[in-house]
Each structure stands twice: as structure tokens, then as C-alpha cells.
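The values are calculated or read from the model by the stated rules, or taken from the named source; none is laboratory data. The model shown is predicted, which means the values in this text are computed figures rather than measured ones. Heads up, the Cβs are rebuilt from the backbone with ideal geometry, glycines too, and the neighbour counts pull from every protein chain shown.
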Amino acid sequence: MANLETVSSLGVAIGTLVLAVATYGSVRAAKRSAEISERALLISNRPLLVPSHIYDPAEKIRFIDNHWVQLVGGHAYAAVNGGVVYFAISLRNIGQGPAVLERWSFSPEADIDKDERTKHHFRKQNRDMYIAPGDVGFWQGTIRDTKDSQYEQIAKAIRERQLLCIHLEYADQEDQQHKVSRFLLTHQEGDTWLASVSKHWNV
């Protein structure tokens with residue numbers, strides 16, 4: 001017959017094991033709950049940029065050198081004026097969080113179908129640009145240095161009315177969830193181009 005000390009030790013061991021299993025299950029459930037809450041929070045802050053609708057109101061855009069552009073919904077602006085390359089795109093944020101535009105890059109038509117992981121020559125915005133969720137805004141960019149490595153290529157593409165490819169990198173207000181959207185600009189008339197989006201990917 002087992003002595004009392006052995007039975008007592010066995011009881012303590014079983015109790016400890018049960019407590020450990022219960023604690024593990026509780027910690028695992030709490031971790032899963034925290035992950036779900038974090039994901040829900042991220043989703044609620046996630047931006048997603050697309051061209052604005054044709055019927056959206058026009059945007060009046062001022063560049064730092066007092067170059068003004070009136071941009072109607074769904075369209076873009078691309079021009080070479082006085083040695084400066086100007087770009088602007090009318091945008092809509094269809095995501096649930098604000099979009100903070102941070103960087104941009106240009107790709108020639110020949111590179112448009114390259115894998116999105118291809119390294120792009122991103123240019124930092126001089127100022128952050130914000131587009132609220134469900135709202136309309138715009139992106140603008142310039143190249144002022146005629147000795148810039150891409151200046152001649154971009155100026156030539158604009159003058160010849162080639163298909164233009166602009167990559168915009170943006171994030172949420174916490175500088176998280178970085179995303180790149182690829183916009184294609186198709187010439188319409190004058191300095192007006194029609195904007196479309198062809199791909200989005202996370203950075």
C-alpha cells in the first residue's frame with residue numbers, strides 16, 4: 001500500500017501539472033486575443049490610394065515656385081516648364097486610415113511590367129502629404145535639377161507623350177503599414193493625363 005507521503009507528492013505533482021496546462025491555455029488565448037486586437041487596429045488604420053473619380057471636384061495645386069495647376073478628378077498632370085519637371089495626380093483614399101505620402105519614383109514604359117520587387121529610385125517628398133480615409137487629395141512631385149540622372153529620360157517621356165509610370169510609397173499615421181501603389185499616366189491633351197492604378201504591394 002502506497003504510503004501517505006508518496007500519495008501526497010503525487011497529488012501535488014498532478015495539481016501542478018493541471019495548473020501549468022491551464023496557465024498555458026490561458027496565456028495562449030490571451031496572446032491570440034491580443035493578436036486579433038492588434039490586427040483589427042492595423043486594419044482600421046490601413047490606407048489604400050487609387051485615382052479619384054472623374055466626378056470628384058477639381059483640385060487647385062500650388063508648387064513651391066508658384067506654378068499653379070487645376071487638376072480634375074481622375075486625372076494627372078505632367079509637364080516640363082522652364083527646365084522643371086512637374087507631376088501631380090488626383091487621388092482618393094479608399095482605405096480606413098489616413099495615408100501619409102512619403103516617397104515616389106518614376107519608371108519608363110519599358111520597365112512597367114517588371115517585378116514589383118525591382119529596386120526603384122525613390123525620391124523623398126519635401127513635405128508629408130496627407131489624405132484622409134474616404135477623402136480626395138493629391139500627390140505632387142518635381143525634378144528641378146537638370147543634371148539629375150533621370151531628368152532627360154523623364155523629360156523625353158513627357159514630351160513624347162509616352163505612358164508614364166509613377167510609384168507612390170505611403171504609410172499610416174503611425175509610420176506603419178508601408179505600401180507602394182503603381183500609377184499609370186496616359187496622355188489626354190496638353191499637359192493633362194488620365195490616371196489609373198495597376199498594382200499595390202506592401203513594403
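Selection over the stretch 161-200 of residues that are of a type in the set (A, V, I, L, M) and part of a loop (DSSP other than H, G, I, E, B) gives a count of 1.
One residue stands out among those in the stretch 125-178 that are modelled with pLDDT of 95 or more and among the basic types (Lys, Arg): the one that is farthest from TYR86 (Cα to Cα), which is LYS147.
Suppose we keep only residues that are surrounded by 10 or more Cβ atoms within 10 Å (Cβ to Cβ) and assigned to a loop (DSSP other than H, G, I, E, B) within the stretch 34-56. Which one would you say is modelled with the lowest pLDDT? Filtering first and then ranking leaves ASN45. Could you pull out the residue among GLN125, GLN96 that is among the polar types (S, T, N, Q) and outside any strand (DSSP E or B)? After ruling out the rest, the residue left standing is GLN96.
Applying a threshold of 6 Å to beta carbon distances and a minimum spacing of six or more residues, or different chains, the list of pairs starting in the stretch 172-184 at a residue that is under 28 Å from ALA78 (Cβ atoms) and in the same structural domain as ALA157 (by TED's automatic domain parsing) and ending at one that is surrounded by fewer than 19 Cβ atoms within 10 Å (Cβ to Cβ) and among the small types (Gly, Ala, Ser) reads ARG182/SER198; LEU184/SER196; LEU184/SER198.
Can we say TYR151 is surrounded by fewer than 16 Cβ atoms within 10 Å (Cβ to Cβ), out of contact with any Leu (no Cβ under 7 Å at 6 or more places or on another chain) and of a type in the set (Phe, Trp, Tyr)? When the stated conditions are applied, TYR151 does not pass them.
The number of residues in the stretch 57-87 that are among the charged types (D, E, K, R) and either buried (at least 17 other Cβ atoms within 10 Å of the Cβ) or on the phi > 0 side of the Ramachandran plot (or both) comes to 1.
Within the stretch 131-150, the set of residues being within 22 Å of HIS178 (Cβ to Cβ) and without any contact (Cβ under 8 Å) to a residue 40 or more places away in the chain comprises just one member, ALA132.
For the stretch 159-191, the set of residues classified as more than 24 Å from LEU48 (Cα to Cα) and polar (S, T, N, Q) consists of GLN162, GLN188, listed by residue number. Give the residues of the stretch 88-105 that are of a type in the set (A, V, I, L, M, F, W, C) and surrounded by 23 or more Cβ atoms within 10 Å (Cβ to Cβ), sorted by residue number. Scanning the stretch 88-105 gives ALA88, ILE89, LEU91, ALA99, LEU101, TRP104.
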